[in-house]
Amino acid sequence: MIDYLTIILESFRLILKFDNELFEIITLSLRISLTALFISIFISIPSAALFSVTNFFGKNFFILISNSLMGLPPVLVGLVLYIIFSSSGPLGYLEILYTPTIMIIAQVILIFPIVFSLSYQVLSEMLDEYDELLKSLKANISQKIITITWDARYSLLTCILAGLGRAMSEVGAIIIVGGNIAHLTRVMTTSIALETSKGNLELAISLGIILILISIFLNSLVYSLKVIAKKYSYD
Amino acid sequence: MFVLVSTSPTYLSPYHLKLIQKVSAYSWDQMEQAKGISFNKSNLFKSLSFKINSKGISLFMGPNGAGKTVCLKLIADLLKPDSGKIYYNKNVRIGYVSQKTVLLRRSVYDNLLYALKISNIHNNKIKKMINNTLVISNLYKYKSSSARTLSIGQQQLLAIMRALIIKPNLLLLDEPCSNLDPQSTIVIESILKKVSSIGVKVILVTHDVLQAKRKANEILFIHNGKIVEQTSKKKFFSSPKTIIANNYLKGMLLK
């Protein structure tokens, strides 16, 4: 029978001990997820704003596809990237399989539809509200984009947070393309998967607790910002 | 003289504005083809033509759904007619205040600053201009507050000041006093009177008969998308030419 108390106590002991390996795993996790998040934000928010203020043929189709891809199975992304970037694949010569680079690429693919679709929703609503004012002031497209993005910045934080949540918790894609190699591509979620399969529950639980704590910290940060914005009625 | 002329049928409905705006992005010719399909029951304007005096305060009056707001939006260039044209007598700079107050999620000061920046008004006097505007409108003490924390009346006032700060020569307002108490109404009306006296053409939409009596120089009475009467305030209230206008003033329901 599993001795839960011992496991939990041991996992807390590991957290408090906070050895080098644990530190390495956590920093790599954050580095990969945050880099992927920033790349996604950089691409998805400006394009969502552009989509909001313009009308063109096929726009609704693109939105539909993006909405559908919000639930894209990570293992599928991992598999496709593996096929493309494996040594016999079309982009195999780049030799980025089993490196943090491809893990970032996988996460960008997973996060982009989430941040894009949610931001598009927020920015479209913002444009609906401002449209007549912007038209009456003869604002051009770039002025419209800057205005709605700036004024929706606090609401956009929630979209970004949803993307970060996906990046931090995802395991299916990065375990395939990263390979969970110690000191190179081992991150929190892949370690949890590995340690659980090895029966090393203490380490798995301690990593799980740290993952949740990081998530709570980042969420509180964004939540506080939103509360402050609401207090001053900027949200 | 400020002139608005439309020579052939115009099909507009306030209930389908969004749809129409979408269609207009392609071609207004297509609108005529779409007439029988989507707008058959709600055609609003047919060959609407009128001229508005370039001085003073002109007022669109009429019951709900008559087409007052659509007329104002056409003049403001927020809607394009499917045919016909709007002529202005000089290089027009339009200030527009919509029926629903839209303020940016920014401070009172930044709302005014935004209008100036978007209208390409950049000079070293901007700060002074904004501060003066805030003093005139009695909003100076709220300068750094979020515009959305103001009362409804103050928000409406700020929206009007934002339209005025870009120094328009044509000011269009859609029911600017609809949700205001008498004090706020007086403040706004006096501002309108003042800007009109310095040469800004003011066109207002309202169904407030008392406001019309107080402030209008000229009244355009709209019913079912037609200007049924265009006359001076005095004539309109003392002896309206049409039975419809007469009934409206008596508070009777119009067919």
Subset of region B:108-150 (residues that are modelled with pLDDT under 90, closer than 24 Å to B:GLU189 by Cβ and open to solvent by 60 Å² or more (accessible area, probe 1.4 Å)): B:ILE136, B:ASN138
Inter-residue pairs, beta-carbon under 6 Å, first modelled with pLDDT under 85 and in region A:222-235, second polar (S, T, N, Q) and open to solvent by less than 50 Å² (accessible area, probe 1.4 Å), 6+ apart: A:TYR232/B:SER146; A:SER233/B:SER146; A:TYR234/B:SER146
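Let's see how each residue does on (1) open to solvent by 70 Å² or more (accessible area, probe 1.4 Å); (2) within 26 Å of A:LEU72 (Cα to Cα):
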| residue | (1), (2) |
| --- | --- |
| A:SER142 | no, no |
| A:ILE145 | no, no |
| A:SER155 | no, yes |
| A:LYS198 | yes, no |
| A:GLU202 | no, no |
| A:LEU207 | no, yes |
| A:LEU211 | no, yes |
| A:ALA229 | no, no |
All positions within region B:206-249 that are β-branched (Val, Ile, Thr) and either open to solvent by less than 30 Å² (accessible area, probe 1.4 Å) or not in a helix (DSSP H, G or I) (or both): B:THR206, B:ILE219, B:ILE222, B:ILE227, B:VAL228, B:THR231, B:THR242
Residue under evaluation A:LEU194, criteria (1) touching a helix residue (DSSP H, G or I) at 6+ places or on another chain (Cβ under 8 Å); (2) part of a helix (DSSP H, G or I), criterion not met: (1)
Those residues of region B:100-140 which are of a type outside the set (Ser, Thr, Tyr), more than 21 Å from the chain's Cα centre (by Cα) and farther than 24 Å from B:LYS194 by Cβ, in sequence order: B:ARG105, B:ARG106, B:ASP110, B:LYS117, B:ASN120, B:HIS122, B:ASN124
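Would you say A:SER117 is farther than 26 Å from B:ARG148 by Cβ and part of a loop (DSSP other than H, G, I, E, B)? Full working, then the answer.
Numbers: farther than 26 Å from B:ARG148 by Cβ: yes; part of a loop (DSSP other than H, G, I, E, B): no.
So A:SER117 does not fit the description; no.
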Failed criterion for B:VAL187 (all others in (1) part of a helix (DSSP H, G or I); (2) open to solvent by less than 70 Å² (accessible area, probe 1.4 Å); (3) within 13 Å of chain A (Cβ to nearest Cβ); (4) out of contact with any strand residue (DSSP E or B) (no Cβ under 9 Å at 6 or more places or on another chain) hold): (3)
Candidates B:LEU172, B:LEU157 - the one that is touching a Leu at 6+ places or on another chain (Cβ under 8 Å), within 26 Å of B:LEU113 (Cβ to Cβ) and outside any strand (DSSP E or B): B:LEU157
Index of the failed condition, B:ARG105 passing every other in (1) assigned to a helix (DSSP H, G or I); (2) modelled with pLDDT under 95: (1)
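Conditions (1) closer than 28 Å to A:LEU134 by Cα; (2) part of a loop (DSSP other than H, G, I, E, B); (3) of a type in the set (A, V, I, L, M, F, W, C), marked per residue:
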| position | (1), (2), (3) |
| --- | --- |
| A:ILE2 | no, yes, yes |
| A:LEU9 | no, no, yes |
| A:LEU14 | no, no, yes |
| A:LEU37 | no, no, yes |
| A:SER44 | yes, no, no |
| A:LEU50 | yes, no, yes |
| A:LEU79 | no, no, yes |
Subset of region A:143-173 [among the aromatic types (Phe, Trp, Tyr) and over 29 Å from A:MET103 (Cα atoms)]: A:TRP150
Close pairs (6 angstrom Cβ cut-off, 6 or more residues apart or separate chains): facing chain B (nearest Cβ under 10 Å) in region A:140-169, open to solvent by 30 Å² or more (accessible area, probe 1.4 Å) and of a type outside the set (Phe, Trp, Tyr) anywhere: A:ASP151/B:ARG105; A:ALA152/A:VAL122; A:TYR154/A:LYS226; A:TYR154/A:ASP235; A:SER155/A:VAL122
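Collect the residues in region A:113-139 that are among the small types (Gly, Ala, Ser) and at the interface with chain B (Cβ under 7 Å from one of its Cβ atoms), keeping them in residue-number order. Break it down stepwise before answering.
Residues of region A:113-139 that are among the small types (Gly, Ala, Ser), as a first pass: A:117, A:119, A:124, A:136, A:139.
Of everything in region A:113-139, those that are among the small types (Gly, Ala, Ser) and at the interface with chain B (Cβ under 7 Å from one of its Cβ atoms) turn out to be A:SER136, A:ALA139.
The values are calculated or read from the model by the stated rules, or taken from the named source; none is laboratory data. Bear in mind that the values here come from a model prediction, so they are computed numbers and not experimental data. Cβ atoms come from the backbone with ideal geometry, glycine included; neighbour counts cover every protein chain shown. Heads up: the accessible areas ignore ligands, DNA and RNA and are worked out on the full protein's heavy atoms, side chains in. Shrake-Rupley method; radii C 1.70, N 1.55, O 1.52, S 1.80 Å.
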